[in-house]
């Protein structure tokens with residue numbers, strides 16, 4: 001069976017790419033002067049890609065929990081995580097609400113606690129341990145404050161490599177969290193997780209290599225074959241997919257990152273319907289002006305009879321004969 005463009009275990013690559021997470025924490029624990037696991041930004045820097053703290057219309061607060069908290073249906077790609085046994089998405093599943101995602105990371109004993117426990121276990125009680133615990137708590141609060149909702153007003157993300165990953169006025173939003181070697185961005189439509197986008201630092205702790213080409217080689221080795229180039233993408237892009245999950249590697253070398261994107265295929269196929277509200281044309285005429293000029297603009301005096309004019313002495317001169 002040809003495997004070059006198939007993703008047998010849809011999320012398997014995430015396991016290999018980000019296994020460096022544990023080693024990043026361990027490395028940090030050996031340096032007593034460095035409190036942050038992996039040396040990544042925390043607190044305020046976790047408040048959203050592109051420096052947007054609360055986003056347009058977001059208000060800096062997470063939305064209220066949805067009433068439907070049933071698990072994602074089988075076959076959404078999360079089953080592959082379980083079968084791989086690698087915890088590739090940290091226990092997060094497509095279909096989760098934002099509050100469910102926050103809970104996975106922020107609850108006692110959750111992902112962020114585990115990140116810091118590897119460091120704290122090797123510390124002696126004292127000032128440094130308290131500072132590390134405070135930093136951990138700031139990371140949690142920063143994650144919950146990182147909500148950006150794409151409502152009516154533009155956001156700072158419109159000038160970044162993420163611009164084509166969302167639309168306005170279609171109940172879309174994101175939350176972001178910095179991890180060792182990468183920034184993880186969770187994409188929601190109607191408070192339902194459907195995409196995870198990791199901005200992986202080239203040459204960083206996540207271990208994808210120093211160039212996009214090296215990243216593709218490592219991803220291809222994990223997926224059992226080279227991916228397929230995507231024609232017409234805004235950035236050079238390579239894809240892998242199976243029946244339920246679509247994965248992309250996006251070349252953003254100019255920003256010193258490679259995007260590793262995991263998407264739920266059923267939502268991807270329905271995006272034209274889910275994004276029914278279209279972006280406004282910034283160059284379009286105001287409707288009131290369009291109504292006035294609908295019949296065209298003309299000079300009321302054009303082609304009419306010549307009019308009399310006043311001379312410098314105040315006397316009216318008759319119009320010149322043609």
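Derivation of every value follows stated rules applied to the coordinates shown; laboratory data play no part. Only a predicted model underlies this, so the values are computations on that prediction, with no experimental measurement involved. Every residue, glycine as well, gets a Cβ built from its backbone with ideal geometry; the counts of neighbours run over all protein chains shown.
What to note about this one:
- Listed from fewest to most Cβ neighbours within 10 Å, the set 255, 165 follows the order 255, 165.
- Alpha carbon centroid spacing (whole Å) that separates the range 167-246 from the range 264-280: 19 Å
- Overall form of the range 170-249 per C-alpha gyration tensor (a/c, 1.5; a/b vs b/c): oblate
- Kirkwood Rh in Å, taken over all unlike Cα pairs in the range 114-200: 14.9 Å
- Direction-averaged projected area, Cα convex hull, the range 222-271: 4.1 nm², rounded to one decimal.
- Fully extended contour minus Cα-Cα distance, from residue 278 to residue 124, at 0.36 nm per residue: 49.8 nm
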